[in-house]
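Taking it in order: structure first as structure tokens, then the write-up.
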Amino acid sequence: TMPILSVFFGMLFLKEPYNKQKIISVILVLISITYLLIDFASVPWTGLIVAITWSTYSLLRKKINVESDTGLLIESLFISPLALFAFYLISLDGNNYFTLSDPKISFWLFLAGPMTVIPLFLFLKGVDLAGLGTSGMVFFITPTGQFLLGFFYFNEFFDFNKLIGFIIIWIAVIIYLHDLSREKIRN
């Protein structure tokens, strides 16, 4: 859902160019999402909330005309007091794993910072360079990787309805990216 919201936000708020192929790809993804939601026993609220908040964050980052590294520094400085307060609350419950008593876990917790910031920086740089719509469609690689991991490694159940939704989404992605490549060749 997030990638298609990013494409939609790019068209609606950033006036990113669109044509018949891009609209067809957006409609195909919306059909696939609707088809998959009908098959669900309940609405996947967590996924929808993540999609809406991430797409809104991406849109705001694109609208605020600031370099990726400067913007990320400002965001980090803004959220640091909240993170420190959260660490304080966690330590009150005795759940402070970021201590010298277990250097191995402290190392992995410390490494979580760069492992979060570096991909975020690269994503923001990609949005700056390619646009919100294009980066949104390329973002379909993530759920595909998660699907492949779940199916082949974790042996998760994969029914025919999910297969149809998956195929429709990737047809839409291929149409969008093919049209994008034709635009790049023309320019």
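Quick notes
Every residue, every condition in (1) more than 14 Å from Leu132 (Cα to Cα); (2) at pLDDT below 85; (3) surrounded by 13 or more Cβ atoms within 10 Å (Cβ to Cβ); (4) more than 16 Å from the chain's Cα centre (by Cα), yes or no:
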residue	(1), (2), (3), (4)
Val7	no, yes, yes, no
Leu30	yes, no, yes, yes
Val43	yes, yes, no, yes
Ser58	no, yes, yes, no
Lys62	no, yes, yes, no
Gly71	yes, no, yes, yes
Ser76	yes, no, yes, yes
Ile79	yes, no, no, yes
Leu84	yes, no, no, yes
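- Hits in the range 122-136 - residues which are surrounded by fewer than 16 Cβ atoms within 10 Å (Cβ to Cβ) and touching an Asp or Glu at 6+ places or on another chain (Cβ under 9 Å): Lys125
- Any chance Phe139 is within 30 Å of Asp39 (Cα to Cα) and at pLDDT below 80: yes
- Scanning the range 137-160 for residues that are under 26 Å from Gln21 (Cβ atoms) and surrounded by 11 or more Cβ atoms within 10 Å (Cβ to Cβ) returns Met137, Val138, Phe139, Phe140, Ile141, Thr142, Pro143, Thr144, Phe147.
- Comparison of Tyr18, Tyr35 shows that the only residue that is within 28 Å of Phe157 (Cβ to Cβ) and surrounded by 13 or more Cβ atoms within 10 Å (Cβ to Cβ) is Tyr35.
- In this structure, Thr34 does satisfy being over 15 Å from the mean Cα position of the chain (by Cα) and at pLDDT 85 or above.
- Any chance Leu109 is surrounded by fewer than 11 Cβ atoms within 10 Å (Cβ to Cβ) and free of Cβ contacts under 8 Å to residues at least 60 places away in the same chain: no
The values are calculated or read from the model by the stated rules, or taken from the named source; none is laboratory data. Just so we're clear, the structure is a prediction, and the values are computed from it rather than from any experiment. Ideal geometry is used to build each Cβ from the backbone, glycine not excepted, and the neighbour counts take in all protein chains shown.
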